[in-house]
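A short write-up of the structure that comes next.
Please treat every number below as a calculation from the coordinates, not as lab data. Keep in mind that what you see is a predicted model, and the values were worked out from it rather than measured. Neighbour counts are summed over all protein chains in view; Cβ atoms, including those assigned to glycine, are modelled from backbone coordinates with ideal geometry.
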Amino acid sequence: LGILVVTAVLMLLMACVNVAALLVARAKARQREIGVRLAIGASRARVIRQLLTESVLLSACGGILGLLLAYWGAPTLLSLIAGNRQTTQLDAGPDGVVLAFAAAVSLATGVLFGLAPAIRAAREDLAPQLKEAGRSAPQRGRWGRALVGLQIALSVVLLFGAGLFVRTLRNLDGQHL
């Protein structure tokens, strides 16, 4: 179970890095819009608050979807694990602690990974944002390259860990205790 928990945490971390990369890309693509909002009088705090609200709402929707998947997927997984054996007495449905943890992680993901791109987008100079009207897709900066590298590293670790986990489960299934 410890290996399963570590695998789940690594998957959660990888999902958070994916969300961060998407939020950075979205903020970069919306630079012109943010520049226009700031130019017509919106305060930087209001722009940051709007972008932060969007990211928290996005992470809350993801958390709710994950909880629904866990609620409906737990009985299916238990039936797959049990196979032809008798029914198991294990209750794997989410409880109050799991719900609180999922809500806290969803909120923290939205705030932490939404705040940095929001502040960065609101701090940049207005003139270059407004001048690049017809430019193609924005170039990936230092943070974008770092996030991609982190995603690749986490994917490799998770892939090897999943392979070792499946191998361990097959070995345990072959043991007759």
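A few notes on this one:
- In this label model, Leu159 and Val5 are separated by 2.8 nm, measuring between points 7 Å along each Cα→Cβ vector.
- Approximate spin-label separation Val97-Leu115, in nm, with each point projected 7 Å along Cα-to-Cβ: 2.8 nm
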